[in-house]
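The values are calculated or read from the model by the stated rules, or taken from the named source; none is laboratory data. Model, not experiment: these values are computed from the prediction. Backbone-built Cβ (ideal geometry, glycine too); neighbour counts: all protein chains shown. Calculation scope for accessible area: heavy atoms of the full protein, side chains included, ligands and nucleic acids excluded. Shrake-Rupley method; radii C 1.70, N 1.55, O 1.52, S 1.80 Å.
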Amino acid sequence: MASSLGVSSTDFAPTDHLRHRPQPGGRMRDSLFWEAIVPEEGLGFQAYLYLSGSEKAGFNVAVWDEGEKPLVIDLVQGSVPLTMDFDAFSLEGLRVAQTGLGGATRVEYQSERVKLAFTFDGRHPPFSYRQNPDGLPIWFALNRYEQTGWIAGELEFDGRRIALNRIGHRDHSWGTRDWRVPQHWKWFAAYTPDGRRMLNGWLWVARGEWGFAGYVVKDGELRPIARIRQHATYDDDMSQRRLEASLVDTSGGVTELTLERFGVLKLPSDGVMIMEAACTATIDGLAGAGQFETQWSSAYLDHLIAAKA
């Protein structure tokens, strides 16, 4: 169960772990995401599910390492009945059972290439980006919660069986998203194995303005982020290699973070490129793991790569 750590946002309704349906004549979109980084195996893992306000749905399940191509990438599209909800969701081999806002979630999936089954339990109450001073931009979501927690289960692919008994991360967004408004963003989640340090950060530039969001959990205390000082390095294809960041929370405390990539996953979508880096992490001098995501306009990214060449 989620701990009593910190203060939950009053922006959440008790049913916000479930599907959000549009107002008459309107649109809606839910997305759910889970991830775990396994440095000792050199692997990154994520599962991402989206569901529209109509019957359209889809998901991806990905496992990647330092290779140019992912070890597993299942991309599935389909439809579900309007009556189906996230307390008993199923689509093409994927099953999801959410038990409550911030509560445990069971995820299972099986295809010809990969099999996974895990339970996610939050280590703190769900955190809304509305709790950050810069708030949540409307082009991104109506609301969203981030939560670091414990993943317990297994992942099997290509004859390998990987235990997922470790700290991981999840999020849930609802509301339509305009992927092309932001000029760039960086999103990351990082954690130490014992949970002494857990954090999530997001910084974006849109309409010429910067914004910052996320939280840090230090020795049992959750604090919203006010600002992120950061510097990233990139390879010739503009895939992220390293991030050095100082996370300034709303109480004035600073958390120092370094992320070093050991694998990258590229996910082009709707005129943008999303790149997911599996990383080792150092948080205030403590060793950990994390995921570091970048978003770019595809046209801008192509220009940057060509200019560098």
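What list of ³J(HN,Hα) couplings, whole Hz, do you get for the stretch 16-31 from phi and the Karplus terms 6.51, -1.76, 1.60, once you set θ to phi - 60° and write x for glycine and proline?
6, 7, 9, 5, 10, 9, x, 5, x, x, x, 10, 7, 8, 10, 9
Given a 1.4 Å probe and heavy atoms of the protein chains only, how would you sort K69, K218, largest accessible area at the top?
Highest to lowest solvent-accessible surface, that is K69, K218.
Using each residue's phi in the stretch 298-304, evaluate 6.51 cos²θ - 1.76 cosθ + 1.60 at θ = phi - 60° and report the 3J(HN,Hα) Karplus result to the nearest Hz, with x for Gly and Pro.
4, 5, 5, 4, 4, 5, 4
Run the count for the chain, please: Lys pairs, Cα-Cα under 26 angstrom, 8 or more apart or on different chains.
11
Relative contact order for the stretch 48-102: what percent, with Cα pairs under 8 Å and sequence separation of 6 or more?
The normalised contact order for the stretch 48-102 reaches 24 percent.
Give me the net charge for the shell around L265: Cβ to Cβ below 10 angstrom, other residues only, Lys and Arg +1, Asp and Glu -1.
-1
Could you sort I225, I73 by their accessible area in this structure, using a 1.4 Å probe and putting the largest first?
Solvent-accessible surface, decreasing: I73, I225.
Let me know the charge dipole size of the chain about its Cα centre in debye, to the nearest 20, where only the beta-carbon of Lys, Arg (+1) and Asp, Glu (-1) is charged.
Here the chain has a charge dipole of around 580 debye.
So what's the net charge close to S52: Lys and Arg +1, Asp and Glu -1, counting the other residues with Cβ under 13 Å from its Cβ?
+4
Quick one: compute the contact order of the chain, relative version, from alpha carbon pairs under 8 angstrom and 6+ residues apart, as a percent.
15 percent
At a 1.4 Å probe radius, carbon and sulfur cover how many percent of the accessible area of the chain?
Roughly 50 percent, rounded to a whole number.
Under the classification rounded if a/c is under 1.5, otherwise prolate if a/b is larger than b/c and oblate if not, where does the stretch 173-243 fall, given a ≥ b ≥ c as square roots of the Cα gyration tensor eigenvalues?
Oblate, because a/c is 1.5 or more while a/b does not exceed b/c.
For the chain, what does the helix formula give at 222 nm: sum of -39500 (n - 2.57) over DSSP H segments with n ≥ 4, over the residue count, nearest 500 deg cm²/dmol?
-1000 deg cm²/dmol
Under unit Cβ charges (Lys, Arg +1; Asp, Glu -1), what dipole magnitude, rounded to 20 debye, does the stretch 162-309 have relative to its Cα centre? List each step's numbers first, then the result.
Values: 17 positive and 18 negative charges, 25 e Å.
Using only the charged Cβ atoms, the result is roughly 120 debye.
How high is the relative contact order of the stretch 182-249? Use alpha-carbon pairs under 8 Å, at least six apart in sequence, and give a whole percent.
22 percent
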